[in-house]
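Shown next, in structure tokens, is the structure this report addresses.
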């Protein structure tokens, strides 16, 4: 185990730009009640860049008490997300970290700022494969569609959300967003027509928003909204089962 050092020379420590931003500090109040900093030393590189413990360092500085630290000669900036078991990084924190050097994560950050959608939803629909959250946290994001197509679909989802909020006062669940995303990616999808029908059949929309399963919501919106009164079978939207690997249509390109 590395030697544990103690200091009040806070200025010697530096923060990586990629590390999560300091926001609030619950640790500060905890330390006021009982100081256990000596039990949890921060980890720094040989150049004194903090790789784990920037909130503890900030708390110690504000309280003007010693900070305890270990110097690691083996760990660097790339180890930051691997050391977050005790710090509960949010998905936005991982986005910020990887966006510094990864264009895909930078795109996610831009989408988040532009459309203000749930981060879990954005990651789920952008990702390929099983366990999108785990893969995302590991910095291995791969897109299910091109950036242009994703951006266009997010704008359509935003349009749908505006209509849903006019029709129902219920919170728009993640399952509703996932069901609508699948509809938007369907072969016979026409955006203006879907928006028009959402307005035309508010009772069916309200019922869909009360359902819990994304499959039930998806089926209900197709049968009782999008396909309602369409007699030509060729113009009807086909119901496709949710694939456990990805709920996009099989025709969608993966990059």
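Bear in mind that the values in this text are calculations on the coordinates, not laboratory data. None of the values given here were measured: they were computed from a predicted structure. For neighbour counting, all protein chains shown are included, and Cβ atoms are generated from backbone atoms with ideal geometry for every residue, glycine included.
Summary of values
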| read-out | value |
| --- | --- |
| For the chain, calculated [θ]222 nm from helices alone, where every DSSP H run of n ≥ 4 adds -39500 (n - 2.57) | -13000 deg cm²/dmol |
| Theoretical gain in end-to-end length, residue 5 to residue 149 [0.36 nm per residue, Cα-Cα removed] | 46.7 nm |
| 55, 191 arranged by Cβ crowding within 10 Å, fewest neighbours leading | 191, 55 |
| On Cα atoms only, tilt of 103-115 relative to the major axis of the chain in degrees | 70 degrees |
| Gain upon complete extension [residue 39, residue 65; 0.36 nm per residue less C-alpha separation] | 7.9 nm |
| Share, in percent, of DSSP beta bridges within the chain that are antiparallel, nearest 5 | 55 percent |
| Net lengthening on full extension, residue 188/residue 130 (0.36 nm per residue, minus Cα-Cα) | 18.2 nm |
| Whole-number percent relative contact order across the chain, with pairs defined as alpha carbons under 8 Å at least 6 apart | 15 percent |
| Degrees, to the nearest 10: 191-200 long Cα axis against longest axis of the chain | 80 degrees |
| At R0 = 30 Å, FRET efficiency that the Cβ-Cβ distance of residue 231 and residue 206 yields, to 0.05 | 0.75 |
| Cα gyration tensor shape of the range 147-235, rounded if a/c is under 1.5, else prolate or oblate by comparing a/b with b/c | rounded |
| Pairwise FRET efficiency - residue 17 versus residue 170, Cβ, R0 = 45 Å, nearest 0.05 | 0.65 |
| Reported label for calculated Rg and Dmax of the Cα atoms in Å given (i) 23.7, 77; (ii) 18.8, 66; (iii) 20.5, 74 | (i) |
